[in-house]
Amino acid sequence: MSELRWTLLIVAAVLLVALYLYGRWQEHKARDGAKLDDGDDSKSRSAEVATARAERQSRQAPLRIEPTMGPVPASDPPEVANALDSQDPIDDDLTHNAAFASSLASAGGWVEDALLDLMLELRCVHAFDGVAALEARAQLDRLALPLPTHLTVWDSKLARWSPPDRFGFYSEMLIAVQLATRRARLEEIDATRFISAVQQIAVSIDADFDPPEVSHIVRRAAELDELCARFDVQITLTLEAQADAWSAAVVNVAATEAQMAQIEPGHWQRSDSQNRPLLSMTVPAPAPTRLAITLDVPRVSANPPPVSALFATASQIAVRLGARVVDDNGRTVESAAQSGIEPELEKLTAEMRAAGIEPGSRRALRLYTD
């Protein structure tokens, strides 16, 4: 083969290698550009994330890692407690400022609670997009845990926590699970599944994550479950027919006159002056001979005392239906019994407040959900 041919072959090979390398460089450049919002280059995006993080850190106290149970320390700023719940305690070491609490409240109406929630924060070196955040939310939903889970992201442009948007870019993610309710608590298997899911999410968005000990989470859940059971008190007055069963129409009229509204078939509810649930009434059949009117103590505000409303409502409906008010054993309940119940209820309410649970508060409603 002549020297000229060898020279041409070598030149052709060099050109092919150069074209290949150029194509790879263009592909890499395009991929990096696609990760940026509104065409910003990677350096400006990193600078934006760093600036937002610095600004947020200057505005708020360090984020909580392991919420703990306990009453409000005297040193807590009142505006912080008011931002989360006017009567909910917050652990002093784990307190966010009012701006942070307000921004969390905008994330779908959920507000972090040091007593109820296990909160895990994922901080990323590089921004992740909204699609990744939505997939993380779907991954939590697929766990089908018996307790509520929450996911929110830090939007540096809006300077607040918010639900993820598929077109957004974010630098931090908060994932939480409620430790217990009156119906369930976080057991070891579900706690392990939750932590594993958060680890997978952290890998998917390239975030730093130091998983807590599962045994510690389960212990906290058991403590909260025990506290919940301690105050899980319901007072029920039963109305018993003295003759024939009542028709549905008669029951409806009696309930309406007592300012109760039908929530669903067989279930009525009376609200207080602030439209919060006060009493519930269960109608077991279309033609019942017994009705149950219930005061769910932890879910009802203690001011004004709700026992008087319970007895007054039961008495009004009983007169309308020609019924007698009885206890669970069928013994007649006299109106004088109210004076014996009220002191016990006041004592229970004081114990709940000392434990950090104000009856009828946001915390109580979340803990004593049905």
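In this structure, Ala364 does satisfy being in contact (Cβ under 8 Å) with a residue 60 or more places away in the chain, within 20 Å of Leu279 (Cβ to Cβ) and touching a Pro at 6+ places or on another chain (Cβ under 8 Å).
Answer yes if at least one residue in the stretch 259-269 is surrounded by fewer than 18 Cβ atoms within 10 Å (Cβ to Cβ), under 30 Å from Ala114 (Cα atoms) and modelled with pLDDT under 95, and no otherwise. No, that holds for no residue. The single residue among Val177, Val203, Val198, Val214 that is farther than 25 Å from Val300 by Cα, aliphatic (A, V, I, L, M) and surrounded by 20 or more Cβ atoms within 10 Å (Cβ to Cβ) turns out to be Val198. Criterion applied to Arg331, Arg320 was being surrounded by fewer than 16 Cβ atoms within 10 Å (Cβ to Cβ), basic (Lys, Arg) and over 28 Å from the mean Cα position of the chain (by Cα), and the one residue passing it is Arg331.
The single condition from (1) over 30 Å from Leu143 (Cβ atoms); (2) out of contact with any strand residue (DSSP E or B) (no Cβ under 9 Å at 6 or more places or on another chain) that Val214 fails is (1).
Of the helices (runs of 4 or more DSSP H) lying entirely inside the stretch 159-271, the ones with 3 or more residues being more than 23 Å from the chain's Cα centre (by Cα) and free of Cβ contacts under 8 Å to residues at least 60 places away in the same chain are found at 248-257.
For every residue, the table says whether it meets (1) in the same structural domain as Asp327 (by TED's automatic domain parsing); (2) closer than 25 Å to Glu344 by Cα; (3) not basic (Lys, Arg).
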{"site": "Glu264", "(1), (2), (3)": "yes, no, yes"}
{"site": "Leu278", "(1), (2), (3)": "yes, yes, yes"}
{"site": "Pro286", "(1), (2), (3)": "yes, no, yes"}
{"site": "Thr289", "(1), (2), (3)": "yes, no, yes"}
{"site": "Asp296", "(1), (2), (3)": "yes, yes, yes"}
{"site": "Arg299", "(1), (2), (3)": "yes, yes, no"}
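Could you list all residues from the stretch 149-191 that are polar (S, T, N, Q) and over 17 Å from Ala136 (Cα atoms)? Ser156, Gln178, Thr181, listed by residue number. Of the candidates Ala202, Ala184, the single residue that is assigned by TED's automatic domain parsing to the domain that holds Gly130, at pLDDT 95 or above and over 23 Å from Arg366 (Cα atoms) is Ala202. Among the residues of the stretch 281-291, are any assigned to a strand (DSSP E or B) and under 30 Å from Pro148 (Cα atoms)? Taking every residue of the stretch 281-291 in turn, at least one turns out to be assigned to a strand (DSSP E or B) and under 30 Å from Pro148 (Cα atoms).
Residue count for the stretch 209-253 satisfying the condition of being in the same structural domain as Ser171 (by TED's automatic domain parsing), out of contact with any Leu (no Cβ under 7 Å at 6 or more places or on another chain) and farther than 21 Å from Arg185 by Cα: 1. The set of residues in the stretch 127-158 that are more than 14 Å from the chain's Cα centre (by Cα), within 19 Å of Ala202 (Cα to Cα) and among the hydrophobic types (A, V, I, L, M, F, W, C) comprises Ala127, Phe128, Val131, Ala132, Ala133, Leu134, Ala136, Ala138, Leu143, Val153, Trp154. Among the residues of the stretch 131-157, the ones that are polar (S, T, N, Q) and in a helix (DSSP H, G or I) come to 1 in all. Within the stretch 351-361, being surrounded by fewer than 18 Cβ atoms within 10 Å (Cβ to Cβ) and part of a helix (DSSP H, G or I) holds for Glu351, Arg353, Ala354.
The values are calculated or read from the model by the stated rules, or taken from the named source; none is laboratory data. Here the structure is a predicted model, which means the values were calculated and not measured. All Cβ positions, even for glycine, are placed from backbone atoms using ideal geometry, and neighbour counts span all protein chains on display.
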